[in-house]
Amino acid sequence: MSEIDDYSAQVLDVVDSIPAGQVMSYGDIAEYLGAGGPRQVGRVLSRYGGGAPWWRVIHADGTPAEGHETRALEHYLAEGTPLRSAAPPVRVNMRQAQYIPPGE
DNA sequence: GCAATGACTGGTA
DNA sequence: TTACCAGCCATTG
């Protein structure tokens with residue numbers, strides 16, 4: 001079975017700590033961890049996102065992962081995430097939905 | 001070791 | 001608002 005790196009584990013831990021109805025951008029997570037960059041966070045989700053609420057991690061623009069907009073939209077509607085656009089291009093209202101974890 | 005790639009970001013047009 | 005460009009950082013061939 002596959003083991004994951006500490007960095008990946010940290011990313012998944014932060015993503016898993018995001019409450020329903022809120023989201024974080026790739027860059028925010030990378031900045032919060034203080035390591036790597038948004039591309040590395042996205043890479044972790046593409047690899048291990050299957051076991052974490054990846055739909056709560058979106059671009060700084062408020063758009064979900066490309067190719068998964070519909071899948072993410074289903075979760076947003078179910079969790080009551082503040083959407084700025086309920087139709088494609090799907091956009092989340094970052095102003096309200098952006099989750100800031102404790103510790104800043 | 002270098003070049004290309006990727007679930008990214010910010011700025012400018 | 002959308003489109004294009006340059007920058008950033010780790011992985012992969």
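What's the number of the only condition in (1) modelled with pLDDT of 95 or more; (2) outside any helix (DSSP H, G or I); (3) more than 10 Å from DNA strand B (Cβ to nearest atom) that A:Pro64 fails to meet?
(3) is the only condition that A:Pro64 fails.
Looking at the structure I just gave you, is A:Tyr26 within 12 Å of DNA strand C (Cβ to nearest atom) and either charged (D, E, K, R) or crowded, with 19+ Cβ neighbours inside 10 Å (or both)? Please lay out each step first, then the result.
Values: within 12 Å of DNA strand C (Cβ to nearest atom): yes; either charged (D, E, K, R) or crowded, with 19+ Cβ neighbours inside 10 Å (or both): yes.
The answer is yes for A:Tyr26.
Within the stretch A:29-73, take every residue that is loosely packed, with under 12 Cβ neighbours inside 10 Å and more than 9 Å from DNA strand C (Cβ to nearest atom) and give me the one that is farthest from the chain's Cα centre (by Cα).
Once the filter is applied, the top-ranked residue is A:Gly34.
Conditions first: (1) without any contact (Cβ under 8 Å) to a residue 24 or more places away in the chain; (2) on the phi > 0 side of the Ramachandran plot. A:Gly36 passes all but one, so which condition is the exception?
Going through the list (1) without any contact (Cβ under 8 Å) to a residue 24 or more places away in the chain; (2) on the phi > 0 side of the Ramachandran plot, A:Gly36 breaks only (1).
Going through the stretch A:60-89 one residue at a time, which ones are over 21 Å from A:Arg39 (Cα atoms) and of a type in the set (A, V, I, L, M, F, W, C)?
Correct list: A:Leu73, A:Leu77, A:Ala78, A:Leu83, A:Ala86, A:Ala87.
Can you give me the number of residues within the stretch A:8-23 that are within 16 Å of A:Tyr99 (Cα to Cα), loosely packed, with under 15 Cβ neighbours inside 10 Å and among the aliphatic types (A, V, I, L, M)?
Total satisfying the criteria: 1.
The values are calculated or read from the model by the stated rules, or taken from the named source; none is laboratory data. Given the structure is predicted, the values throughout are model-derived calculations rather than measurements. Here Cβ is always computed from backbone atoms with ideal geometry, including for glycine, and neighbour counts include all displayed protein chains.
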